[in-house]
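Asks: Before anything else, here's the structure in question.
The values are calculated or read from the model by the stated rules, or taken from the named source; none is laboratory data. All figures in this text were calculated on a predicted structure; none of them were measured in a lab. Please note: Cβ atoms are built from the backbone with ideal geometry, for glycine as well, and neighbour counts cover all protein chains shown.
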Amino acid sequence: MAIQATGAARHPSAAREGLNRIWYRVKGSPLTLVGAAIALIVLIVIVAAPVLAPYPPDRISLSARLAAPSLQHLFGTDEVGRDLFSRVLYGARASCGIAFAIVIISTVVGSIVGCLSGVIGGIVDTAIMRLMDVFLALPALILAMALAAALGPSLFNAMLAVAVVRVPAYVRLARGQTLALRNRTYVKASRSFGASPAYLLRWHILPNALSPIIVQATLDLGGTILTAAALSFIGLGAQPPTSEWGSMVSSGRNYFLDQWWYITFPGLAILISAMGFNLLGDGLRDMLDPRLGGR
Amino acid sequence: MSAAQGDILLDIDDLSLEFRTFRGPVKALNGISLNVRAGEIVGVVGESGCGKSVTMMAATRLLPKGGAHITGGAVRLFGSDPMKLSERELQHVRGRQVSTIFQEPMNALNPTRRIGEQVIEVIRRHQRLSSAAARQKAIGLLRDMLISEPERIMQAYPFELSGGMRQRVLIAMAFSCEPKLIIADEPTTALDVTVQALILSLIRQKAVSTGTAVVFISHDMAVVSQLCDRLYVLYAGRVAESGATAAVLAAPAHPYTRALIRCLPGLAAPKRPLEQIPGTLPDMLNPPAGCLFRARCREADERCIEVPPLSPIDPARRAACWRRIEEAEAA
Amino acid sequence: MSLLSTILRRLVLLVFVVAGVAIVTFTISHLIPGDPAQMIAGDKASAETLAHVRQELGLDKPVTQQFVIYVKQLLSGDLGNSLRTRRPVATDIALFLPATLELGITALLMAILIGVPLGALSAIYKDGPVDQAARVVSVAGISMPVFWFGLALIIVFYVKIPILPGSARLDLGITAPPRMTGFFLIDSLVAGDLAAFRSTLYHLVLPAFVLAFANLGIITRQIRASMLDVLQEDYVRTARANGLSRSTIILRHALPNALIPSVTLLGLAFGDLLYGAVLTETIFAWPGMGSYVVSSIQTLDFPAIMGFTVVASLGYVLINLAVDLTYMVLDPQIRELG
């Protein structure tokens with residue numbers, strides 16, 4: 001801290017220069033801004049779905065079955081007359097919410113295991129990493145599918161299954177970061193003063209290992225939204241009548257030849273939100289990795 | 001070989017260039033003038049960041065696309081303006097008329113192709129030779145570089161060779177199409193001290209025997225002084241001093257040249273503690289007005305607030321320093 | 001590290017990974033809520049029948065012993081019997097595998113043939129219109145929900161502009177060629193049945209493109225990134241300084257060096273293809289392993305699901321091994337020293 005403070009004092013414009021640098025990069029990649037905007041909209045929709053949705057998502061109206069998009073029903077209605085616009089808005093909660101949950105669970109578990117493994121080292125580390133090597137050599141999504149099937153079809157089980165198979169990647173990432181940081185002079189110095197592994201982890205390793213992990217998590221959000229929706233689509237995730245984008249496309253399949261809107265809007269919602277988080281993750285990665293800066 | 005003979009191969013006149021960065025334009029070159037005649041060996045010296053490499057890479061248009069923008073001046077390379085040449089025309093200039101040897105030989109050869117293929121490829125690009133003839137020529141070139149068993153080296157991959165060996169291959173490639181001009185951009189900086197002398201003398205011998213002009217770019221006054229007929233001393237994107245090597249060394253005119261020479265062990269006076277030049281290069285984002293060396297100069301005074309032009313101070317030399325200009329006028 | 005020792009190391013890891021596959025699938029099978037014996041015997045089975053089935057399945061034995069039996073069965077190629085088709089799962093998979101492979105290989109070729117040039121051009125003309133387009137394509141590729149994309153393409157190219165078939169491997173009325181490899185493209189040519197060949201080709205276009213699309217994004221992005229790296233390498237500058245032509249520099253110096261690290265991507269792409277095939281085959285009623293496993297999931301046919309998982313995992317592991325070894329052979333630095 002002290003060093004940073006004197007540094008800032010010597011260069012009063014350091015903070016502003018940092019902002020300039022970020023702005024320069026962002027200006028060069030409007031796609032990152034688009035991604036950030038999409039991510040923000042998704043978050044707003046998740047929180048404010050009840051306010052934004054014109055109808056309750058489960059309100060059945062048999063008189064308005066399979067109605068085409070109109071001012072009353074922006075995205076049309078489904079086979080029991082539920083308003084698809086409202087269902088797509090509420091669907092953000094299930095579809096993106098589950099993706100957030102998956103990424104948070106796997107990130108937290110993976111980072112803790114990975115950092116500990118790196119800090120403890122020795123035979124524990126070797127054992128954990130060999131185990132992770134084995135898991136990383138397996139096709140994660142196929143295993144998630146089998147696991148979700150075994151646990152029984154439900155949104156919660158799908159979440160658990162995908163989270164479990166994503167853990168090893170984070171273990172490896174966090175351990176790599178830890179090992180790199182462990183050899184930094186300030187960590188060595190701290191250890192030479194007798195700091196405990198827990199202290200090192202809390203004050204030196206985790207804060208510094210965090211940003212690459214956050215970038216990876218953002219990048220994974222997009223993919224996880226797709227995975228969660230796909231599991232629901234094949235019947236392993238959200239069960240009807242939950243509003244969830246993947247299962248909406250799944251039920252819309254029976255009508256898609258004539259009622260194009262039924263599958264179109266939930267599908268677009270998946271595509272756009274996944275794209276938003278992918279763009280944002282790409283942008284964040286580029287900003288953190290100066291070597292990739294100009295790309 | 002005396003200077004001022006032969007045709008002018010490369011003529012850089014008042015060249016200015018900037019790199020556009022997020023902090024604003026960095027003015028890398030601020031009116032550099034420099035020329036190279038056929039057959040002469042010219043040194044370009046200065047500390048890192050003074051614009052030595054940038055000048056030569058701008059002249060051969062090897063700077064990466066995008067960042068660099070020429071803001072003034074002109075370049076004539078073999079009588080034509082390289083900035084106006086098409087990519088295809090440039091390809092015929094490069095390699096055939098002017099080739100470049102770079103500082104870092106480690107990655108300068110394609111790691112996945114054999115040495116022979118890479119040398120032969122350059123030869124056949126510019127000369128109508130059968131592959132067998134090109135192969136013979138390549139072997140001869142490698143042998144000229146004192147590479148024993150050139151046939152075996154031709155079969156090797158770059159990672160199997162030492163840095164010095166790779167640099168010799170690259171020199172052979174540079175000479176392969178008998179160019180009139182070779183730009184050697186710190187060719188020995190990345191190498192072991194033990195092979196530096198060998199590499200330098202290989203370049204010099206080959207150049208003298210083929211009548212090729214060479215521009216030696218170096219931060220090392222000692223190296224340049226041994227090899228070159230003429231010198232350009234660059235400071236902060238400008239020429240501080242130019243002239244025949246012997247004259248410059250004997251009586252350096254510009255305070256910066258003097259400082260550089262004083263930094264050399266043994267050249268000025270033996271067993272004297274080595275000096276260093278106080279201060280650092282000016283910030284090229286916001287270069288100060290006037291002589292750019294002013295802040296580090298012992299002789300600076302109020303005249304130096306204006307930029308001194310590069311002016312002849314004696315028959316052999318030009319310098320950009322108000323004191324020398326005045327002394328020359330007085331004489 | 002020499003080539004030989006690396007191969008040995010990989011083979012040792014392979015043993016562990018295969019053991020891992022067995023442990024993971026065994027564990028997952030034992031997670032199944034409810035009683036598998038009950039499921040097989042049916043709800044109305046008597047206690048006696050249940051006990052009999054349980055004994056038959058070995059469920060009365062201790063878990064470790066069950067695992068040993070499971071591994072023995074795996075090693076002998078016995079994946080159990082499907083509850084739905086009443087056939088051995090191994091037989092079912094052998095029946096459905098070629099359709100999936102034909103689709104997957106076509107998709108992979110499509111992704112490579114479009115992705116590599118697109119990624120290379122994108123890097124060469126960085127920030128130009130081609131680059132912008134390629135970046136949009138690659139982000140769209142990795143963000144596209146496969147199942148929805150398939151339905152959307154069916155609407156466009158089958159319903160609205162009916163130029164391509166939207167389901168199955170062959171037109172109605174065309175009989176499948178006599179089975180030799182199970183690849184209709186090959187079998188129909190062997191049988192000299194051009195109608196079947198053409199029909200197969202038409203039927204492959206949409207599902208293969210859908211399956212290729214995600215990998216297209218990944219490949220384009222990877223090639224672009226490594227091409228950008230390579231283009232600023234010193235040896236590219238050497239080539240430029242020696243006046244080599246642009247096409248020589250790109251085709252003989254930059255692209256090969258950019259492709260080598262991308263080879264390892266193929267193994268990972270195979271995992272995506274497997275998973276993507278599950279969704280694509282469902283959409284296009286493609287009679288492959290993917291459709292088979294989705295039907296099995298919907299009927300809770302666990303032996304079939306686990307059999308698929310075992311085969312897919314082993315395939316994935318072996319292909320990745322093969323790809324990594326190929327990579328070592330392609331890189332002279334590893335090859336020559338090995």
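Asks: Please count how many residues of the stretch C:272-298 are within 11 Å of chain A (Cβ to nearest Cβ), of a type in the set (Gly, Ala, Ser) and either closer than 16 Å to C:Asp92 by Cβ or surrounded by fewer than 21 Cβ atoms within 10 Å (Cβ to Cβ) (or both).
Replies: Number of matching residues: 5.
Asks: Among the residues of the stretch B:172-207, count how many are outside any strand (DSSP E or B), of a type in the set (A, V, I, L, M) and in contact (Cβ under 8 Å) with a residue 40 or more places away in the chain. It would help to see each step written out before you state the result.
Replies: Keep residues of the stretch B:172-207 that are outside any strand (DSSP E or B), which gives B:172-180, B:186-207.
Within this subset, residues satisfying the condition of being of a type in the set (A, V, I, L, M) are B:172-174, B:190-191, B:193, B:195, B:197-200, B:202-203, B:207.
Add one more test, that the residue is in contact (Cβ under 8 Å) with a residue 40 or more places away in the chain, and what stays is B:172-174, B:190-191, B:198, B:202-203, B:207.
Here the count works out to 9.
Asks: Out of all the residues in the stretch A:159-198, which are in a helix (DSSP H, G or I), more than 14 Å from chain C (Cβ to nearest Cβ) and small (Gly, Ala, Ser)? Step through it out loud before you land on a result.
Replies: Step one: filter the stretch A:159-198 for residues in a helix (DSSP H, G or I), giving A:159-182, A:185-192, A:197-198.
Okay, now just the ones that are also more than 14 Å from chain C (Cβ to nearest Cβ), so A:159, A:163, A:170-182, A:185-192, A:197-198.
Result: A:Ala163, A:Ala174, A:Gly176, A:Ala180, A:Ala189, A:Ser190, A:Ser192, A:Ala198.
Asks: Hey, another quick one. How do the pairs read when you match residues in the stretch B:61-84 that are without any contact (Cβ under 8 Å) to a residue 12 or more places away in the chain with residues anywhere that are of a type outside the set (Lys, Arg) and in a strand (DSSP E or B), using Cβ under 8 Å and keeping only pairs 6 or more apart or on different chains?
Replies: Within 8 Å, the pairs are B:Asp81/B:Ala74; B:Asp81/B:Val75.
Asks: Now for a different question. Within the stretch C:165-188, work out how many residues are more than 24 Å from C:Ala111 (Cα to Cα) and either among the aliphatic types (A, V, I, L, M) or surrounded by fewer than 20 Cβ atoms within 10 Å (Cβ to Cβ) (or both).
Replies: 9
Asks: For the condition assigned to a helix (DSSP H, G or I), within 14 Å of chain C (Cβ to nearest Cβ), of a type in the set (A, V, I, L, M, F, W, C) and within 25 Å of A:Phe156 (Cβ to Cβ), what is the one hit in A:Ile213, A:Ile225?
Replies: Numbers: A:Ile213 fails: within 14 Å of chain C (Cβ to nearest Cβ).
Answer to the selection: A:Ile225.
Asks: Right, here's the next one. Pairs only if they're at least six apart or on different chains, beta carbon under 7 angstrom, first in the stretch A:265-288 and part of a helix (DSSP H, G or I), second charged (D, E, K, R); list them, first residue then second.
Replies: A:Asp286/A:Arg25; A:Asp286/A:Arg295; A:Met287/A:Arg25
Asks: Pick from B:Ile217, B:Ile171, B:Ile182: which is within 14 Å of chain C (Cβ to nearest Cβ), modelled with pLDDT of 90 or more and within 26 Å of B:Arg296 (Cβ to Cβ)?
Replies: The conditions single out B:Ile217.
Asks: For the stretch B:87-99, does any single residue satisfy the condition of being in contact with a helix residue (DSSP H, G or I) (Cβ under 6 Å, 6 or more places away or on another chain) and of a type in the set (Gly, Ala, Ser)?
Replies: Yes - at least one qualifying residue is present in the stretch B:87-99.
Asks: From A:Ala144, A:Ala150, which residue is in a helix (DSSP H, G or I) and under 21 Å from A:Thr107 (Cα atoms)?
Replies: A:Ala144
Asks: Every residue in the stretch A:25-54 that is modelled with pLDDT of 90 or more and of a type in the set (S, T, N, Q), please.
Replies: none
Asks: Let me ask you something else. Only one residue in A:Asp133, A:Asp125 is of a type in the set (Asp, Glu), in a helix (DSSP H, G or I) and without any contact (Cβ under 8 Å) to a residue 24 or more places away in the chain, so which one is that?
Replies: Going through A:Asp133, A:Asp125 in turn, just one is of a type in the set (Asp, Glu), in a helix (DSSP H, G or I) and without any contact (Cβ under 8 Å) to a residue 24 or more places away in the chain: A:Asp133.
Asks: From (1) in contact with an Asp or Glu (Cβ under 8 Å, 6 or more places away or on another chain); (2) part of a strand (DSSP E or B), pick out the condition that doesn't hold for B:Ser99.
Replies: Going through (1) in contact with an Asp or Glu (Cβ under 8 Å, 6 or more places away or on another chain); (2) part of a strand (DSSP E or B) one by one, B:Ser99 breaks only (1).
Asks: For the stretch C:302-319, enumerate the residues that are farther than 13 Å from C:Ala90 by Cα and at pLDDT 85 or above.
Replies: Let us first name the residues in the stretch C:302-319 that are farther than 13 Å from C:Ala90 by Cα, namely C:302, C:313-319.
Hits for the stretch C:302-319 are C:Ser313, C:Leu314, C:Gly315, C:Tyr316, C:Val317, C:Leu318, C:Ile319.
Asks: Quick one: what pairs do we get from the stretch C:157-180, first residue within 13 Å of chain A (Cβ to nearest Cβ) and in contact (Cβ under 8 Å) with a residue 60 or more places away in the chain, second in a loop (DSSP other than H, G, I, E, B) and of a type in the set (Gly, Ala, Ser), C-beta under 6 Å, 6+ apart or different chains?
Replies: C:Ser167/C:Ala285
Asks: Also, quick follow-up: Have a look at A:Phe135, A:Phe156 and point out the one that is of a type in the set (Phe, Trp, Tyr), within 12 Å of chain C (Cβ to nearest Cβ) and closer than 30 Å to A:Ser232 by Cβ.
Replies: Selected residue: A:Phe135, the only one of A:Phe135, A:Phe156 that is of a type in the set (Phe, Trp, Tyr), within 12 Å of chain C (Cβ to nearest Cβ) and closer than 30 Å to A:Ser232 by Cβ.
Asks: Scanning for something closer than 20 Å to A:Val215 by Cα and within 14 Å of chain C (Cβ to nearest Cβ), does the stretch A:110-130 turn up at least one residue?
Replies: Taking every residue of the stretch A:110-130 in turn, none turns out to be closer than 20 Å to A:Val215 by Cα and within 14 Å of chain C (Cβ to nearest Cβ).
Asks: Still on this model: Which members of the stretch B:102-120 meet the condition of being out of contact with any Ser or Thr (no Cβ under 7 Å at 6 or more places or on another chain) and not in a loop (DSSP other than H, G, I, E, B)?
Replies: The answer is B:Ile115, B:Gly116, B:Glu117, B:Gln118.
Asks: Hey, can you tell me all the residues within the stretch B:95-141 that are crowded, with 18+ Cβ neighbours inside 10 Å, more than 10 Å from chain C (Cβ to nearest Cβ) and of a type in the set (A, V, I, L, M, F, W, C)?
Replies: If the condition is that a residue be crowded, with 18+ Cβ neighbours inside 10 Å, more than 10 Å from chain C (Cβ to nearest Cβ) and of a type in the set (A, V, I, L, M, F, W, C), then B:Ile115, B:Ile120, B:Ala134, B:Ala138, B:Ile139, B:Leu141 are the ones that fit.
Asks: Let me ask something additional. Right, C:Ile93: more than 21 Å from the chain's Cα centre (by Cα) and not in a loop (DSSP other than H, G, I, E, B) or not?
Replies: The answer is no for C:Ile93.
Asks: Would the stretch A:169-186 turn up any residue that is farther than 30 Å from C:Val15 by Cα and buried (at least 20 other Cβ atoms within 10 Å of the Cβ)?
Replies: Checked against the condition, which is being farther than 30 Å from C:Val15 by Cα and buried (at least 20 other Cβ atoms within 10 Å of the Cβ), the stretch A:169-186 yields at least one hit.
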